[in-house]
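Asker: Got a structure for you, questions after.
The values are calculated or read from the model by the stated rules, or taken from the named source; none is laboratory data. Model, not experiment: these values are computed from the prediction. Please note: Cβ atoms are built from the backbone with ideal geometry, for glycine as well, and neighbour counts cover all protein chains shown. What goes into the accessible areas is simple: the full protein's heavy atoms, side chains included, and nothing from ligands, DNA or RNA. Shrake-Rupley method; radii C 1.70, N 1.55, O 1.52, S 1.80 Å.
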Amino acid sequence: MDELKYSKEDYETCDIYGNDDTEISCYKCRLVKCRKPHTCGNCGDEIPKGGYALCESGFMDGGAVSCYTCVPCMDSWISESRGKEDSE
């Protein structure tokens, strides 16, 4: 994982979408290496096969849901949130 700016734990705990446990059951969040291309749920860019992404999944309204977020979006979110923590 040498192409990542932060640790695996930093990505998996960044809480980019502010998970609300009342809306999603069986919620899982993990850093994955994609086996096929996906679209980033944040910026809409393509995450290529072999690229890293944050995969969030669970069940909502009786059906399975999942969302992939690209590393650049997560890096921006983590940097911004750490900047806010530093200034407080």
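Asker: Just to be sure, is residue 5 in a loop (DSSP other than H, G, I, E, B), modelled with pLDDT of 90 or more and loosely packed, with under 12 Cβ neighbours inside 10 Å?
Answerer: The answer is no for residue 5.
Asker: OK, next. If you check residue 67 against the conditions, is it at pLDDT 90 or above, in contact with a Gly (Cβ under 8 Å, 6 or more places away or on another chain) and in a strand (DSSP E or B)?
Answerer: When the stated conditions are applied, residue 67 passes them.
Asker: Mind checking which residues of the range 21-41 are open to solvent by 90 Å² or more (accessible area, probe 1.4 Å), at pLDDT 95 or above and in a loop (DSSP other than H, G, I, E, B)?
Answerer: 35, 36
Asker: From the set of residues in the range 42-57 that are outside any loop (DSSP other than H, G, I, E, B) and among the charged types (D, E, K, R), which is surrounded by the fewest Cβ atoms within 10 Å (Cβ to Cβ)?
Answerer: Going through the qualifying residues, I end up with 46.
Asker: Only one of 5, 33 is basic (Lys, Arg) and within 20 Å of residue 81 (Cβ to Cβ). Can you tell me which?
Answerer: Answer to the selection: 5.
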